[in-house]
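Peer 1: I'd like to ask you about the structure that follows.
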Amino acid sequence: MKKWLTFIIVAMLALVLAACTATKDAGKEPEKVKDTKGEEKKEETVAKEKILYLNNGEEPTSFDPSVGFNAVSWGALNNLMEGMTRLSEDHLAVEATAEKIDVSEDGLTYTFTIRDTAKWSNGDPVVAGDFVYAWRHMLDPETASPASFLAYFIEGAEAYNTGEGTAEDVAVKAPDEKTFVVTLTAPNEAFLNIITNPSFFPINEKVATADPKWFTEAASFVGNGPFKLASWDHDVSFVFEKNENYWDAAAVKLDKVEWAMVNDPTTEYQMYESGELDQSGVPPELAEKLKDSDELRIDDQAGLYFYRLNTSMEPFTNTKIRRAFGLAVNQQEIVDYVTKNGEKPAYGFVTYGFIGPDGKEFRDSVGNLVEFNKDEAKKLLEEGMKEEGYTELPKVELTYSTSPSHQNIAVALQATFKEVLGVDVGLKNIESAVFASEQKEFKYQMSRSSFLHDYADPVNALESFITDSSMNRTTWSNAEYDKLITDIKNETDENKRWELLKQADQLLMEEMPVFPIYYYNQTTLEKPSITGILRHPVGYIDLKYTDKN
């Protein structure tokens with residue numbers, strides 16, 4: 001889900017400008033405050049502006065909340081905008097733009113009452129019609145939102161999104177300006193958590209109707225979150241300022257957030273060391289050195305790094321050959337010697353962090369489904385080649401998007417496939433924007449990918465691989481798997497539902513249109529002066545309560 005850009009000249013300029021910004025007031029005395037007679041007040045100074053310096057890595061895919069469906073867009077969007085609910089410090093969905101939420105006895109109808117104090121950054125009141133407009137926009141086939149499947153639990157949503165219904169059929173209504181009503185097809189305990197996703201944020205209908213490209217520039221962008229978009233130098237940086245019109249502005253402590261777009265982890269770390277960033281990732285080559293740093297912070301994150309195999313391209317039309325490549329991968333060695341950030345090796349598609357009705361971790365209950373097995377990998381390759389009548393394996397090419405970390409993993413896999421399977425795999429590096437587009441068009445034989453949970457349930461990861469899902473990107477189709485996902489979504493008995501989830505994870509790994517590498521964590525260096533940055537395991541960075549001393 002990602003776009004990476006690095007321009008050396010731009011990076012150098014960013015370093016110089018940031019250094020100037022960091023040092024321009026060095027050595028100056030604090031500005032004195034004077035009373036009405038012009039005399040200096042004792043022991044008082046003007047409050048220092050609180051500016052947080054972060055790195056987004058690359059240009060956001062889109063600030064249209066219906067389209068920016070990836071990590072490089074979510075972090076910013078979650079602070080520029082806000083839905084009916086927001087994740088709390090305990091990672092629970094709580095009231096946000098909504099001050100009250102009523103649920104019908106059958107669990108199908110949710111009635112949200114919008115706060116009277118909820119406003120857009122331009123001063124307009126947030127009204128229920130803005131949510132109706134935004135959710136229909138997400139489901140509009142013309143929008144082609146990659147997040148639209150998340151809303152299929154709403155009555156009429158799937159039909160409209162697939163061209164078999166109308167916008168008016170979607171069961172989202174605004175009886176009055178402050179009341180928003182949603183009707184579901186079945187009870188869904190995860191609903192309030194799901195709608196914390198930026199895809200369910202409102203859109204100012206008046207602004208969007210007047211300017212369909214409202215989200216492309218800072219001057220036209222209108223949000224309803226803790227911060228507003230003050231400036232945006234595309235592919236270089238963007239700046240937030242505190243949104244004085246936010247309903248809970250009193251809780252926001254930062255005055256500004258300045259985001260760089262530096263793609264190289266080593267450069268990012270150097271900027272952190274020089275004081276140009278308040279936060280940085282840990283470059284793999286420095287992981288051992290920094291593992292005991294007082295500034296190191298490790299947070300859980302529900303998601304994984306994996307590879308997709310195009311089941312319509314030879315030789316990956318054969319299941320045994322797909323499995324051979326998957327079992328040839330030594331996940332433990334990759335996290336120990338390549339990524340080196342304390343990640344857990346991935347032996348199934350569903351990550352850690354989901355506790356079943358039996359009180360046990362889902363991942364532990366299912367066990368290791370894909371584990372390095374050199375002998376089995378060789379055997380499966382031979383059997384698959386025999387089934388296909390291959391005397392020589394068709395050429396295999398591994399494609400990855402521009403990034404040093406992606407390249408390091410690709411090179412490691414190339415060596416592994418040669419050593420274990422005796423297969424020469426070619427490598428191809430593609431610029432991020434092109435990569436994302438062409439992967440969706442099924443142009444790659446084997447390609448890197450990643451998944452971050454949109455809401456806290458294993459089905460969120462597994463549903464990506466149903467037939468024709470926009471998230472599938474492998475061409476794989478399996479009727480048994482499709483039925484499992486449907487049954488999971490309709491099953492109300494939690495014990496039975498959990499067993500179906502296990503079966504789906506097992507079937508996906510048996511068929512192996514994808515093979516997992518590692519589960520994500522959030523390993524960051526953070527300056528001691530920073531407090532209150534929320535990083536949710538299933539969710540997005542939240543700066544609402546962040547402070548800088």
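The values are calculated or read from the model by the stated rules, or taken from the named source; none is laboratory data. Because the structure is predicted, anything quoted here is derived from the model rather than measured. Here Cβ is always computed from backbone atoms with ideal geometry, including for glycine, and neighbour counts include all displayed protein chains. The protein model used for the area step is the full one, side chains on, heavy atoms only, and it has no ligands, DNA or RNA in it. Shrake-Rupley method; radii C 1.70, N 1.55, O 1.52, S 1.80 Å.
Peer 1: Hey, among Ala504, Ala456, which residue is among the hydrophobic types (A, V, I, L, M, F, W, C), assigned to a loop (DSSP other than H, G, I, E, B) and either open to solvent by 20 Å² or more (accessible area, probe 1.4 Å) or more than 30 Å from Gly426 (Cα to Cα) (or both)?
Peer 2: Being among the hydrophobic types (A, V, I, L, M, F, W, C), assigned to a loop (DSSP other than H, G, I, E, B) and either open to solvent by 20 Å² or more (accessible area, probe 1.4 Å) or more than 30 Å from Gly426 (Cα to Cα) (or both) holds for just one of Ala504, Ala456, which is Ala456.
Peer 1: Quick one: in the range 409-426, which of the residues that are part of a helix (DSSP H, G or I) and not hydrophobic (A, V, I, L, M, F, W, C) is most open to solvent (accessible area, probe 1.4 Å)?
Peer 2: Within the range 409-426, the match that is most open to solvent (accessible area, probe 1.4 Å) is Glu419.
Peer 1: Report, by residue number, each residue of the range 361-399 that is more than 16 Å from Lys320 (Cβ to Cβ), assigned to a loop (DSSP other than H, G, I, E, B) and among the β-branched types (Val, Ile, Thr).
Peer 2: Thr391
Peer 1: Condition first: under 29 Å from Ser237 (Cα atoms) and charged (D, E, K, R). Can you find one or more residues in the range 94-115 that meet it?
Peer 2: no
Peer 1: Now a separate question. Being over 22 Å from the mean Cα position of the chain (by Cα) and surrounded by fewer than 17 Cβ atoms within 10 Å (Cβ to Cβ) narrows it down to one of Ala144, Ala159, Ala128, so name that one.
Peer 2: Only one candidate passes the filter, namely Ala159.
Peer 1: Mind counting the residues in the range 189-237 that are polar (S, T, N, Q), crowded, with 19+ Cβ neighbours inside 10 Å and in contact with a strand residue (DSSP E or B) (Cβ under 6 Å, 6 or more places away or on another chain)? Walk me through how you get there before you give the answer.
Peer 2: The first filter runs over the range 189-237 and keeps only residues polar (S, T, N, Q), leaving 193, 196-197, 199, 204, 209, 216, 220, 224, 231, 237.
Those left that are additionally crowded, with 19+ Cβ neighbours inside 10 Å: 193, 196-197, 199, 204, 224, 237.
Then keep just the ones that are in contact with a strand residue (DSSP E or B) (Cβ under 6 Å, 6 or more places away or on another chain); that gives 193, 196, 237.
Qualifying residue count for the region: 3.
Peer 1: Give the number of residues within the range 462-501 that are in a helix (DSSP H, G or I) and β-branched (Val, Ile, Thr).
Peer 2: Residues of the range 462-501 that are in a helix (DSSP H, G or I), as a first pass: 462-465, 479-490, 494-501.
Add one more test, that the residue is β-branched (Val, Ile, Thr), and what stays is 485-486, 488.
Residues that pass the stated criteria total 3.
Peer 1: Inspect the range 93-105 for any residue being surrounded by 11 or more Cβ atoms within 10 Å (Cβ to Cβ) and at pLDDT below 95 and give the result as yes or no.
Peer 2: Yes: the range 93-105 contains one or more residues that are surrounded by 11 or more Cβ atoms within 10 Å (Cβ to Cβ) and at pLDDT below 95.
Peer 1: Filter the range 511-549 down to residues that are closer than 19 Å to Ser274 by Cα, part of a strand (DSSP E or B) and among the polar types (S, T, N, Q), then give me how many there are.
Peer 2: 1
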